[in-house]
Amino acid sequence: MKISNIFDLVKGSLYSVIYDSEQYNEFSKLFELWNDQEYLRSFFEKHQEDLNRDIWNGISIDDAIIKTRKEARILEKNLLQIAKTGQTERYENLSTLFKPLTKNFNEPDNYFREKAYGLKSPSWLRIYAIRLEPNLYVVSGGAIKLTKDMNEREHLLLELTKLELTRNYLMDEETDELENVTYY
């Protein structure tokens with residue numbers, strides 16, 4: 001897996017990678033999947049055991065689909081709105097939504113691995129990104145996280161790999177990649 005490009009979602013604030021094996025950038029892909037009933041049904045059927053954990057209160061697959069779609073619409077709108085607002089407002093920017101990926105806050109050279117949650121608590125929606133500045137993020141991917149630890153599921157391990165790949169890509173680039181993004 002390699003990054004083939006970085007897309008501008010909100011110029012100067014929010015970007016998303018596209019991997020060479022994908023047709024769409026990760027941000028757009030996530031919200032398409034989180035609105036796709038067939039994808040969600042398949043996902044929740046595969047992870048029914050995780051969905052039955054106490055934290056999720058025995059939610060049915062049908063209700064999980066409804067919850068995911070509703071929460072995803074709100075999260076997408078909120079992320080884009082705050083990315084724009086954060087360009088002029090100091091106290092409401094993307095850093096108010098994103099939190100460090102781990103409690104071990106020891107990241108190199110301002111390339112912080114972070115996550116944003118869905119807005120309803122508890123939420124299983126996650127957006128993973130690299131923070132370059134308080135209102136400057138590059139989305140590497142995202143997932144539905146039904147378990148406490150990311151190391152418990154293959155799809156979450158992939159997200160860790162994508163985060164690391166994105167961070168390394170941004171750190172290793174000789175040119176300023178965000179100056180040469182593809183605009184919508």
Of all residues in region 132-143 being under 15 Å from L9 (Cα atoms) and assigned to a strand (DSSP E or B), the one that is farthest from the chain's Cα centre (by Cα): L136
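Which ones in region 144-160 are charged (D, E, K, R), in contact (Cβ under 8 Å) with a residue 24 or more places away in the chain and not in a loop (DSSP other than H, G, I, E, B)?
Taking region 144-160 as the starting set, the residues that turn out to be charged (D, E, K, R) are 145, 148-149, 152-154, 159.
With in contact (Cβ under 8 Å) with a residue 24 or more places away in the chain added as a condition, the list becomes 153, 159.
Result: E159, single match.
For every residue, the table says whether it meets (1) at pLDDT 95 or above; (2) of a type in the set (G, A, S); (3) crowded, with 21+ Cβ neighbours inside 10 Å.
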site	(1), (2), (3)
S28	yes, yes, no
R41	yes, no, no
N52	no, no, no
K67	yes, no, no
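Can you tell me which of N78, N110 is touching a Leu at 6+ places or on another chain (Cβ under 8 Å) and either part of a loop (DSSP other than H, G, I, E, B) or open to solvent by 90 Å² or more (accessible area, probe 1.4 Å) (or both)?
Values: N78 fails: either part of a loop (DSSP other than H, G, I, E, B) or open to solvent by 90 Å² or more (accessible area, probe 1.4 Å) (or both).
Unique residue meeting the criteria: N110.
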Test: residue in region 61-71 that is more than 27 Å from E164 (Cα to Cα) and under 17 Å from the mean Cα position of the chain (by Cα): yes
Residues being open to solvent by 50 Å² or more (accessible area, probe 1.4 Å) and part of a strand (DSSP E or B) - total across region 114-131: 1
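The values are calculated or read from the model by the stated rules, or taken from the named source; none is laboratory data. Every value quoted in this text rests on a predicted model; they were computed, and no experiment measured them. Cβ sites come from the backbone with ideal geometry, for glycine too, and all protein chains shown count toward neighbours. These accessible areas exclude ligands, DNA and RNA; they are computed on the full protein's heavy atoms, side chains included. Shrake-Rupley method; radii C 1.70, N 1.55, O 1.52, S 1.80 Å.
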